[in-house]
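Enquirer: I have a structure here, written as structure tokens, and I will follow up with some questions on it.
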Amino acid sequence: MKPPRRLLGTLLAAALAAGAALPARGEYADVVLNRRAEKEGVRPVVFPHWFHRIRFRCKVCHQELGFRMRVGTNDFRMADIIDGKFCGACHNNDVAWGPERCDLCHSGKPGLPTGIYGGHETNGPGRW
Amino acid sequence: MQAPAAAQQEWLPLRRDGLHDPKGPAIGQLQEPRDALSRLAPDTTGNLVRWVEALEKGQIAPREKLRPQTTVRELDKDILLNLSGGMPIVRFPHLAHTRWLDCDNCHDHLFKAQAGANKFSMFAILQGEQCGVCHGAVSFPLTECYRCHSVVRPGQGRSVAGTPAPPPAAGGGGR
């Protein structure tokens with residue numbers, strides 16, 4: 001009984017030490033945007049729905065700002081944000097931090113594909 | 001150590017959520033899910049928050065619009081759906097939905113604005129169409145059958161709200 005348990009412990013410890021791939025889980029409805037980010041030399045964006053819906057109704061972004069409800073169908077660039085479109089309607093140093101605070105939005109782990117995360121159960125907005 | 005993706009009992013700290021770069025400068029600056037969500041009406045799934053209840057109780061006060069000229073639209077009208085199926089009837093509350101969403105978010109590209117004119121399919125919903133555009137992705141997931149299928153049909157006994165009806169006596173449990 002003893003040796004296997006110790007072996008298991010060792011393996012676990014080794015796995016943890018290696019930083020063994022935390023599953024890319026996130027919080028329910030987190031969205032990763034990485035169509036261009038890494039190619040442009042910054043981390044992928046992690047967009048937390050939970051944080052934003054405490055402060056805004058869905059309709060603000062999905063109606064007033066024109067965000068479509070499918071991950072990957074909103075094709076915008078930093079230039080649009082700086083022009084006050086999409087995220088830039090709030091991320092303008094007035095409502096929320098401005099676009100020069102790159103790292104606060106571009107906070108994702110390198111290599112993450114664009115998609116919706118957090119234990120979602122449909123292919124819903126995650127589908128292209 | 002961590003149980004795989006299944007039953008989430010707690011909010012993960014950002015540095016361990018597998019999405020945020022634990023070495024990035026955002027960790028420590030961004031709000032942690034637990035700090036915000038643990039104060040809101042608790043749920044057993046999704047964000048572990050009953051978002052509609054949190055809104056109704058005034059635990060959160062999300063803005064309704066950014067632009068002064070935007071008209072905020074709400075509708076207080078329940079629609080009953082799935083009138084002939086085997087599951088309890090679906091009561092769709094426009095009010096809870098329009099507190100969050102605008103009419104245009106669903107009408108008419110997802111649903112015609114006429115009761116009875118839409119053909120619903122759980123298969124489509126489970127694939128992220130129709131109700132599944134949001135339910136199962138950002139709003140409560142599709143494991144919560146009885147939150148939508150909430151109106152028991154005559155003779156379809158169900159003891160406690162939110163618990164499944166007992167299977168029919170003779171075979172054919174249906175869906």
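The values are calculated or read from the model by the stated rules, or taken from the named source; none is laboratory data. Just so it is clear, the model here is predicted, and its values are computed rather than measured. Note that we place each Cβ from the backbone using ideal geometry, even for glycine, and neighbour counts take in every protein chain shown.
Enquirer: Go through the range B:139-159 residue by residue and tally those that are without any contact (Cβ under 8 Å) to a residue 24 or more places away in the chain and either in a strand (DSSP E or B) or at the interface with chain A (Cβ under 10 Å from one of its Cβ atoms) (or both).
Expert: First, the residues of the range B:139-159 that are without any contact (Cβ under 8 Å) to a residue 24 or more places away in the chain: B:142, B:147, B:154-155, B:157, B:159.
Now restrict to residues that are either in a strand (DSSP E or B) or at the interface with chain A (Cβ under 10 Å from one of its Cβ atoms) (or both): B:142.
Within the range B:139-159, residues that are without any contact (Cβ under 8 Å) to a residue 24 or more places away in the chain and either in a strand (DSSP E or B) or at the interface with chain A (Cβ under 10 Å from one of its Cβ atoms) (or both) number 1.
Enquirer: Restricting to the range B:31-55, name every residue that is outside any strand (DSSP E or B) and surrounded by fewer than 14 Cβ atoms within 10 Å (Cβ to Cβ). Lay out the reasoning, then the answer.
Expert: Quick first cut of the range B:31-55, residues outside any strand (DSSP E or B) only: B:31-41, B:43-48, B:50-55.
Listed by number, the residues that qualify are B:GLN31, B:ASP35, B:SER38, B:ARG39, B:THR44.
Enquirer: For the range B:121-160, which positions are in contact with a Ser or Thr (Cβ under 9 Å, 6 or more places away or on another chain) and either surrounded by fewer than 15 Cβ atoms within 10 Å (Cβ to Cβ) or among the polar types (S, T, N, Q) (or both)?
Expert: Matches in the range B:121-160: B:GLN127, B:GLN130, B:THR143.
Enquirer: Hey, can you tell me all the residues within the range B:63-73 that are surrounded by 11 or more Cβ atoms within 10 Å (Cβ to Cβ), among the charged types (D, E, K, R) and assigned to a loop (DSSP other than H, G, I, E, B)?
Expert: Within the range B:63-73, B:GLU64, B:LYS65, B:ARG73 qualify.
Enquirer: Would you please name the residue that is modelled with the lowest pLDDT, looking only at residues in the range A:96-121 that are among the hydrophobic types (A, V, I, L, M, F, W, C) and not in a loop (DSSP other than H, G, I, E, B)?
Expert: Taking the range A:96-121 as the starting set, the residues that turn out to be among the hydrophobic types (A, V, I, L, M, F, W, C) are A:96-97, A:102, A:104-105, A:112, A:116.
From the residues that got through so far, the ones that are not in a loop (DSSP other than H, G, I, E, B) too are A:96, A:102, A:104-105, A:116.
Working: A:ALA96: 97, A:CYS102: 97, A:LEU104: 98, A:CYS105: 98, A:ILE116: 91.
Among them, the one singled out is A:ILE116.
Enquirer: Hey, any hits in the range A:10-30 for a residue that's at pLDDT 95 or above and of a type in the set (S, T, N, Q)?
Expert: Scanning the range A:10-30, I find no residue that is at pLDDT 95 or above and of a type in the set (S, T, N, Q), so the answer is no.
Enquirer: Answer yes if at least one residue in the range A:78-95 is at pLDDT below 95 and crowded, with 20+ Cβ neighbours inside 10 Å, and no otherwise.
Expert: no
Enquirer: I've got another one for you. How about the range B:11-30: which of its residues are within 7 Å of another protein chain (Cβ to nearest Cβ) and either in a loop (DSSP other than H, G, I, E, B) or farther than 15 Å from A:ARG43 by Cβ (or both)? It would help to see each step written out before you state the result.
Expert: Initially, the range B:11-30 is screened for residues within 7 Å of another protein chain (Cβ to nearest Cβ), giving B:11-12, B:16-21, B:24-26, B:29-30.
Passing the criteria: B:TRP11, B:LEU12, B:ARG16, B:ASP17, B:GLY18, B:LEU19, B:ASP21, B:GLY24, B:PRO25, B:ALA26, B:GLN29, B:LEU30.
Enquirer: Then there's this: Confirm whether A:PHE67 is assigned to a loop (DSSP other than H, G, I, E, B), within 11 Å of another protein chain (Cβ to nearest Cβ), more than 15 Å from the chain's Cα centre (by Cα) and over 17 Å from B:ALA26 (Cα atoms). Explain how you work it out, then say what you get.
Expert: Working: assigned to a loop (DSSP other than H, G, I, E, B): yes; within 11 Å of another protein chain (Cβ to nearest Cβ): yes; more than 15 Å from the chain's Cα centre (by Cα): yes; over 17 Å from B:ALA26 (Cα atoms): yes.
In short, yes.
Enquirer: Of all residues in the range B:74-120, count the ones that are of a type in the set (Ser, Thr, Tyr) and either under 17 Å from the mean Cα position of the chain (by Cα) or surrounded by 14 or more Cβ atoms within 10 Å (Cβ to Cβ) (or both). Reasoning before the result, please.
Expert: Kept after step one, since they are of a type in the set (Ser, Thr, Tyr), are these residues of the range B:74-120: B:84, B:98.
In the following step, the residues that additionally are either under 17 Å from the mean Cα position of the chain (by Cα) or surrounded by 14 or more Cβ atoms within 10 Å (Cβ to Cβ) (or both) were identified as B:98.
Adding up the residues that qualify gives 1.
Enquirer: Within the range A:49-71, work out how many residues are of a type outside the set (D, E, K, R) and in contact with a Lys or Arg (Cβ under 7 Å, 6 or more places away or on another chain). Can you show your working first?
Expert: Taking the range A:49-71 first, the residues of a type outside the set (D, E, K, R) are A:49-52, A:54, A:56, A:58, A:60-63, A:65-67, A:69, A:71.
Retained after the next criterion (residues that are in contact with a Lys or Arg (Cβ under 7 Å, 6 or more places away or on another chain)): A:56, A:60.
Residues that pass the stated criteria total 2.
Enquirer: A further question follows. Regarding B:ALA54, is this residue small (Gly, Ala, Ser) and at the interface with chain A (Cβ under 7 Å from one of its Cβ atoms)? Working first, answer last.
Expert: Details: small (Gly, Ala, Ser): yes; at the interface with chain A (Cβ under 7 Å from one of its Cβ atoms): no.
For B:ALA54, the condition - small (Gly, Ala, Ser) and at the interface with chain A (Cβ under 7 Å from one of its Cβ atoms) - is not met.
Enquirer: Shifting gears a bit: Quick one: count up the residues across the range B:77-108 that are farther than 22 Å from A:LEU65 by Cβ and touching a Lys or Arg at 6+ places or on another chain (Cβ under 7 Å).
Expert: Total satisfying the criteria: 7.
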